[in-house]
Amino acid sequence: MRIVITGGAGFVGSHLCDRLLDRGDSVVCVDDLSSGRRANIAHLEHRPSFELIVADASAGLAVAGRVDAVAHLASPASPVDYHSRPIETLRVNSLGTQHALELSGGHGARFVLASTSEVYGDPLVHPQDEGYFGNVNPVGPRSVYDEAKRFAEALTAAYARTRGVDAGIVRIFNTYGPRMRAADGRVVSSFIAQALTGRPLTVYGDGSQTRSFCFVGDLVDGLVRMLDSSDPGPVNLGNPTEMTVVELAIMVQRLVGTALPIEFHELPGDDPLQRRPDIARASQRLGWAPRIDVESGLAATVAWFRSQPDEVEAAAALLAGNQADGVRRQLLSTAAVAAP
């Protein structure tokens, strides 16, 4: 097949490019390189079956030639990215999704939307299955991402119902692995960067909040299966092994070989307290389940971060600076409340 991947130079997108090319497909990668990195796909640019178009999907998708499938992954996806580019996040998940759907519809191509577990918000149902409608604050600090993805799902469903687009939706849970940016603000990359540079690990809240971490190779396997199917979704893709943030911090320290203190900071607003996917639908419809256990996946991720020492050091220093700023703001806020 000839497959268009928006956001194909990103962390997940670049691994999807690899997988599809390795099985014999042609790939058109569309990325504006705002959060994706050319380094992620540099090893592919010599291949005749790979094409890079540097463009913003929000402004349109001009792809010449045959298109058999479109995987729409373009979006800031880490807290650092969507908080720093809120309008761009909303645009690419609205206008960008519409352009991707129009491209699919015009070619009679399969369309897969990369949505997120964040559509469940701070869930009142645990674990989360696809029938749960979520508990999302539409005006909270995370809404620029949560609600953008919820709209993208609604738009995808509307195109499927009214225009006959062969569309499927996947909801991606926390994913980690090589090519993560050390300064992306995700908990895995932050812990690894801090541990490798000998800095205390930062936990927000009391650390009892849970996450479920899926290795990028397993996630990509699910995405490929969704592209090859005609299932409309939504389908959860994630690892149902649930662990607390403190348990993750301890595991990272063990893999790095350090024994550093853990510092606790105030929990950000609307941060979900629980996250675990019910993957029965993925198992039944796609024959999919994750195969890589968290410890093995983290070991591979730590090894990759070790190969990026300058980036890791810069990220750890940035984290330390951000935390110092947060403490100062908290002290100033407390002093203002206490003042007569």
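The values are calculated or read from the model by the stated rules, or taken from the named source; none is laboratory data. As the structure is a computational prediction, the values presented were derived from the model and not from experiment. Virtual Cβ from ideal backbone geometry, glycine too; neighbours counted across all protein chains shown.
Residues that are of a type in the set (V, I, T), in contact with a strand residue (DSSP E or B) (Cβ under 6 Å, 6 or more places away or on another chain) and closer than 26 Å to N239 by Cα: does the range 295-302 have at least one?
yes
Return only the number of the condition from (1) among the aliphatic types (A, V, I, L, M); (2) within 21 Å of G13 (Cβ to Cβ); (3) buried (at least 16 other Cβ atoms within 10 Å of the Cβ) that A64 does not satisfy.
It is condition (3) that A64 fails.
Determine if the range 132-151 includes at least one residue that is of a type in the set (S, T, N, Q) and buried (at least 23 other Cβ atoms within 10 Å of the Cβ).
no
So, in the range 266-287, how many residues would count as being over 19 Å from the mean Cα position of the chain (by Cα), modelled with pLDDT of 80 or more and either charged (D, E, K, R) or not in a helix (DSSP H, G or I) (or both)? Quick ask: steps written out before the conclusion?
Looking only at the range 266-287, we keep the residues that are over 19 Å from the mean Cα position of the chain (by Cα), and these are 266-267, 269, 280-281, 283-287.
Those still in the list that are modelled with pLDDT of 80 or more too: 266, 280-281, 283-287.
After this cut, where a residue has to be either charged (D, E, K, R) or not in a helix (DSSP H, G or I) (or both) as well, the list is 266, 281, 285, 287.
Going through the range 266-287 one residue at a time, the tally reaches 4.
Determine whether T258 is modelled with pLDDT under 95, surrounded by 12 or more Cβ atoms within 10 Å (Cβ to Cβ) and out of contact with any strand residue (DSSP E or B) (no Cβ under 7 Å at 6 or more places or on another chain).
It is true that T258 is modelled with pLDDT under 95, surrounded by 12 or more Cβ atoms within 10 Å (Cβ to Cβ) and out of contact with any strand residue (DSSP E or B) (no Cβ under 7 Å at 6 or more places or on another chain).
For the subset of the range 195-243 comprising residues that are part of a loop (DSSP other than H, G, I, E, B) and under 13 Å from the mean Cα position of the chain (by Cα), which member is surrounded by the fewest Cβ atoms within 10 Å (Cβ to Cβ)?
Step one: list which residues in the range 195-243 are part of a loop (DSSP other than H, G, I, E, B), which gives 197-200, 205-209, 213, 229-234, 238-241.
Retained after the next criterion (residues that are under 13 Å from the mean Cα position of the chain (by Cα)): 213, 238.
Numbers: F213: 26, G238: 28.
Once the filter is applied, the top-ranked residue is F213.
On the basis of being surrounded by fewer than 20 Cβ atoms within 10 Å (Cβ to Cβ) and touching a Phe, Trp or Tyr at 6+ places or on another chain (Cβ under 7 Å), does S94 make the cut?
Against the criterion (surrounded by fewer than 20 Cβ atoms within 10 Å (Cβ to Cβ) and touching a Phe, Trp or Tyr at 6+ places or on another chain (Cβ under 7 Å)), S94 qualifies.
Against the conditions (1) in contact with a helix residue (DSSP H, G or I) (Cβ under 8 Å, 6 or more places away or on another chain); (2) touching a residue at least 60 places away in the same chain (Cβ under 8 Å); (3) closer than 24 Å to D271 by Cβ; (4) surrounded by 19 or more Cβ atoms within 10 Å (Cβ to Cβ), where does T116 fall short? Just the number, please.
(2)
Among the residues of the range 288-305, how many are in a loop (DSSP other than H, G, I, E, B) and either within 19 Å of T116 (Cβ to Cβ) or hydroxyl-bearing (S, T, Y) (or both)?
Residues meeting the conditions: 2.
Say whether the condition of being surrounded by fewer than 20 Cβ atoms within 10 Å (Cβ to Cβ), of a type in the set (A, V, I, L, M) and in contact (Cβ under 8 Å) with a residue 40 or more places away in the chain is met by at least one residue in the range 264-275.
Looking for residues that are surrounded by fewer than 20 Cβ atoms within 10 Å (Cβ to Cβ), of a type in the set (A, V, I, L, M) and in contact (Cβ under 8 Å) with a residue 40 or more places away in the chain, one finds at least one in the range 264-275, hence yes.
Have a look at A259, A249 and point out the one that is of a type outside the set (D, E, K, R), free of Cβ contacts under 8 Å to residues at least 60 places away in the same chain, more than 20 Å from R179 (Cβ to Cβ) and part of a helix (DSSP H, G or I).
When all the criteria are applied, what remains is A249.
Anything in the range 69-84 that is assigned to a loop (DSSP other than H, G, I, E, B) and at pLDDT 95 or above? List them, or say none.
L73, A74, S75
Here is a check on your reading of the model: is V312 surrounded by 12 or more Cβ atoms within 10 Å (Cβ to Cβ) and either at pLDDT below 95 or part of a helix (DSSP H, G or I) (or both)?
The answer is yes for V312.
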